[in-house]
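Below you'll find the structure, written out as structure tokens, and then a few comments.
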Amino acid sequence: MKENSNNPRRKFLNTGLKAGLLTAIGAAATKAAIDMDKAYSAEEETVELMTPEGKLIEVPISQVQEMPELKDENYKVREGFPNRKFVMVVDLARCKNAKKCITACNKTHFITGENAWLKVYKMQESKHTAPYWQPTMCMHCDKPPCVKVCPVDATFKRQDGLVLIDNERCIGCRFCMAACPYSTRVFNWEEPKQGEMTEIHLQMEDMGHMGHEMHSPDYAGFPSVKGTVDKCDFCPHMIDQEELPHCVTACPNGVFFFGDAYEDTVTNGDETFRLSKLLEEKSGYRLMENLGTEPNVYYLPPSNRLVDFEEGLENYTEFESVEKPDTSENSEEL
Amino acid sequence: MKDYNTLIKELAPRKFTALGKLWTGFLIAVLVAALVCYYFQLRDGLIITEMRDYALWGVYISNFVFFVAISLVGSLMTAILRLSGANWSTPLTRISEIIAVAAIIMAGLTIIIDMGRPERILYLFTHGRLQSPIIWDVVVISTYLVISLLLLYYPLLPDFAILKKYFKGKNKLSKWYGKLALNWSGTDSQRQIYNKSIRILSIMIIPVAFGIHTVTAWLFATTYRPGWDSTNFGPYFIAGAFVAGAGAVITIMFILRKSHKLQDYITDGHFDKMGKLLVLLCLLYLYFNVNEYLVPAYKMTVEEGVHLNELFLGQYAALFYLVIVGGLIVPIIVLIFPKGRKPVPVFIMGVIVVLGAWWKRYLIVTPTLLHPFLPIQGVPESWHHYYPSTMEWIITFGTLAGALLIITILVRYVPIIPIHETAEERGITESETTKKP
Amino acid sequence: MRRFNFLLCAFAVLFVWGSYTGHSQSEKNRARVSLSYESITGDGSFLVISGKFRGDEGFEPANDMNFDVYQVFEGDSLSALGKATTDAQGEARFALDALSVETANEDGEYTLKVEAKDNEKYRDTDKDITFKKSELVARISEEGGVNHLIATLVDSQTNSPITDQPLLVYVKRLFKPLKIGGEFVSTDENGMISVPVDGDLPGLNGNLTFEVVLSDNDPYGTVKARVTETIGIPIVDESTFNKRTMWSPPGKTPFFLLIFPNLMIVGIWATIALLIFNLFKINKSKS
């Protein structure tokens, strides 16, 4: 029990697998997730569902619970969610380099290398302009230079705007990294030290017999693959459950807003705005607009700041973005 | 005038001398060391190199560009000079073609060495995207390799026939030469096909050669990176490739002239002419360098400025001036004087030019990557710099040794100077000699 | 006030529990249970039970708690309504469709009680709640060329309007609902609100789902009503996904890139094939 509830990775796994599993069962069950093993005496209508362990159980319909899922039976990982366009807004006026986003991202994507996918840059354009903190992740460009140059279709652009990587396809030429002007892509120079992943790996292999893909580009870092490229994936596994990406929910200052540009709405969890109004009122802009990459991450300028730039300095580590200590020990225990 | 038999005797392949064996052994030793290191790279990943997320390409890629550059010499010597009627280059065509074949083979292997997942190489064909310059490179390199092999092989047909006869009864190789000669007997119909084919090859190799190096330049120029983002890059690379290739030919022809005593065939005049050619090519390349560096330096935009400062005044400055001055300006000055075009100084200049060309590619690839648009932050201090690791060096030397080994083996079994063409140009015919046995 | 009571209660419980743990061998958790009443017009009404406990990393959801749900009548007599079990989020929604109007007291109030028996994970606990039922109805109507969301809130027992209560109006969106009509809109003397709807809100096929919420009210609990109307701007997919672009997969390569490079490749390789064929011809044509 203790192990179960104290292991956020396990939880993540369960939800992830549930989603995949239910897709495999078919359309009838895809909208539902259940509480397993509850025997009820009432002569209720029952449905048959498959547990993550792969056994069929019969449960009363009242115990079948709605679990939001964007994926339907037509969902294909290389196509994405129809009629969606995911977009992020980063309010620089609120960022004080608390770095909770980085920690959350590293943890949930099992980042074990030296270079985080999401980093908070200490920026200062020139001597007399103000310094500020700039969180930077994959921009999921509409005209992605990385996808343009990929020789084997390993990194691809989906209809919902996400740029993802198929680590089973990537040949490790690193041309995409050279092409990306935002330096957002990282390479697995060695076998990723995702120690606890072996367990996950075995489970995924079990799932393989049921048609669940071993690696899926919408679970970046799950696991990371030696000799291939990784990067921020905008957390499609969270989007699928109608949840916000981990960096958004982790931020104590509400810096990150995420949403569907077609719905013209972004939210940081607490506040929800119309994207167009937010960008208009706060003079939103995108990084390196002149390059024509058309990023899907917007920035709100660091004016009328709610926080002190200096406050972030104590957190600033120029040479580290992935915290090293105790992660490996922890993972060995699990 | 030499008679036919002396000609063949002087030009037929010879067994390795003791020095030749030592040299071959040395190359094999380097190759084995490189293979061992490559095994570690396969096992542990590219972590054994000093490349990291910022310096994401390193010496492997610059070495690859170097090989591609060198391989262009095949088209320069055999095609451009031949088509322009410069017959003096005939004795050098075989050497050039051998160099070209060796270089293009190693270029292909080097790019595989750089891959994080070499076992997925077939995806390039099964999932290839025509939008990617890498696919263009794959197509054009394999095309160039086949054309280079054909251009090496076609002129060898009569030579193989000659060697078959020459070694008959003396050497087991005779049988092999016979097979490779494809029943060549110099009939009119054979000659007709032969001449036509070589003409087609000579013409076709020029656009493909330009293509291969232009596409290689585009691997860099199609990115936004300062230092690479240049419309000048294709011709700049081609000019540089001709310099490197001419230098390589000079170096090899000097060594072979010494080792195989070919003074009668590769004369001082050839060195004089190659010296002149090298001056011309160096001047052309210098012109492109001026464009490449001085135009952005005039503007000094922020991104280009950081990059150029690092080259002109920063940590790469010493190497930069060594390459520009040593690898271009000194050869121009030395070779412009007739005294500088004697074999030994030309040879020294050739070696300098090749070394300069190698480091020049290093300077094109590495510094740019260390000056991205966003500052380098959140990575270990060592990731801010790049210098190849020992294993990386060994693997790189292994590819160079591999190229030299291919050249050495070809030199052992193939006439370095085209026997048939030389005989024809000099008006020595077989019939003449058979008359007086 | 209620929250304060809860805290007080929690502290008291913690205190008592703390003095016991010294003797107790078991490592059972003391779950904190909270109840709320929720009614969604058209979907029925629910008792929402949520449990959490203090774990090593702060509060964690108490899943798999089994509750018995009772209705409490005057004189503390109980009538069992059913059972509920919390899910992975520590929440259980118990449908109250069976709760008939006659069982309310004269003020129209209902009192429910949940009890969890001691099990291998959690200690026994109970909790009760008192609430009233109401009806919330929402509709869209056009006034002067502008669409308005009109909502009416009425007490179920007395059928009289509930006045001066703040209602929140949202448009349903993927992650979090988007608030429209300002911070607080309160019901008037007819229990009604009218909120203008922006004309430029996008929705799939122009459909917009609005939700009116009386949030966490005493005694009416949380009351929601939804209405969907085609008054939005239809979403137009602007993705280049189905176009032939430079960033498309191999199947959607732009035509010029398919035609010209392939022409060149075919041209050159046909010539190469010819040249190789010529080698055969040379081989064959010996005299």
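Averaged over residues, the count of other Cβ atoms within 10 Å places the peptides B:352-358, C:181-187 in the sequence B:352-358, C:181-187, highest first. Out of every Cα-Cα pair that the stretch C:157-283 contains, those further apart than 22 angstrom amount to 63 percent. Computed over chain B, the range of Cα coordinates on each principal axis works out to 82, 50, 42 Å, biggest value leading. When each of A:Lys127, C:Lys28, A:Lys148 is scored by the number of other beta-carbon atoms lying within 10 Å, the sequence from fewest to most is A:Lys127, C:Lys28, A:Lys148. Take the Cα radius of gyration of the protein assembly as shown and divide it by 2.2 N^0.38 Å, N being the number of residues; the result is 1.23. Using the rule -39500 (n - 2.57) for each DSSP H run of four or more residues, divided by the residues of chain C, the 222 nm mean residue ellipticity is -6000 deg cm²/dmol. Take each residue in C:260-266, count the other chain C-beta atoms within 10 Å of its C-beta, and the mean is 3. With 28 Å as the limit on Cα-Cα distance, the pairs of C:Lys28/C:Lys133; B:Lys165/B:Lys276; A:Lys99/A:Lys127; A:Lys100/C:Lys127 that go past it are C:Lys28/C:Lys133; B:Lys165/B:Lys276; A:Lys100/C:Lys127. Among A:219-229, C:247-257, sorting by the average number of other beta carbon atoms lying within 10 angstrom of each residue, highest first, gives A:219-229, C:247-257. The mean of 1/r over all distinct Cα pairs in the stretch B:1-150, once inverted, gives the Kirkwood hydrodynamic radius of 18.5 Å. The stretch B:338-372 and the stretch C:116-175 have Cα centres lying 79 Å from one another.
Positive-end ranking of A:Leu275, A:Gly254, A:Thr293 along the dipole of the stretch A:221-334, with charges on Cβ about the Cα centre, is headed by A:Thr293.
Give me the tail of P(r) for the stretch C:222-287 as a percent: Cα-Cα pairs with distance above 16 Å. Percent of Cα pairs beyond 16 Å in the stretch C:222-287: 73. Over the stretch B:185-272, the pair-distance histogram of Cα-Cα distances with 10 Å bins from zero comes to 14, 24, 27, 24, 9, 2 percent, rounded to whole numbers. Fewest to most neighbouring Cβ within 10 Å: what's the order for A:Ser126, B:Ser148, B:Ser62, B:Ser197? Fewest-to-most ranking of A:Ser126, B:Ser148, B:Ser62, B:Ser197: A:Ser126, B:Ser62, B:Ser197, B:Ser148. For the segment C:173-184, counting C-beta atoms of other chains within 10 Å of every residue's C-beta and taking the mean gives 6. Across the stretch B:374-435, what fraction of all alpha-carbon pairs, as a whole percent, falls in each successive 5 Å bin from zero upward? In order of increasing distance, the bins hold 4, 12, 10, 10, 9, 9, 8, 7, 6, 6, 5, 4, 4, 2, 2, 1, 0 percent.
Our compactness index for the stretch C:147-205, the C-alpha radius of gyration over the empirical 2.2 N^0.38 Å, is 1.29. Entry note: the stretch C:49-170 has Rg to Rh equal to 1.10, where both radii use alpha-carbon atoms and Rh is the Kirkwood radius. Peptide A:239-246 has a mean shielding of 1, counted as Cβ atoms of other protein chains within 10 Å of each residue's Cβ.
Each of A:Val248, B:Val30 was scored by other Cβ atoms within 10 Å of its Cβ. Arranged with the fewest first, they read B:Val30, A:Val248. For C:Leu167, which sequence-distant residues (separation of 5 or more, or a different chain) have an amide H within less than 5 Å of its own amide H, given hydrogens modelled in the peptide plane? Those lying under 5 Å, H to H, from C:Leu167 are C:Val185, C:Ser186, C:Thr187. With respect to chain B, whose longest principal axis is taken over its alpha-carbon atoms, helix B:302-312 is tilted by about 60°.
Computed from Cα positions, the angle between helix B:268-299 and the longest principal axis of chain B comes to roughly 20 degrees. Per residue, the convex hull spanned by the alpha carbons of the stretch B:96-165 comes to 114 Å³. On a per residue basis, the convex hull of the C-alpha atoms belonging to the stretch B:316-411 measures out at 134 Å³. Against chain C, whose longest principal axis is taken from its Cα atoms, helix C:255-284 shows a tilt of about 40°. Residue by residue, the stretch B:151-163 carries 3J(HN,Hα) couplings of 5, 6, 7, 3, x, 7, 3, x, 5, 4, 4, 5, 5 Hz when phi is fed to the Karplus relation 6.51 cos²θ - 1.76 cosθ + 1.60 (θ = phi - 60°); x denotes Gly or Pro.
The numbers here are math on the coordinates, done by the rules we state, and not lab data. A quick note: this is a predicted structure, and the numbers were derived from the prediction, not measured. Counting neighbours? That spans all protein chains shown, and the Cβs are built from the backbone with ideal geometry, glycine included.
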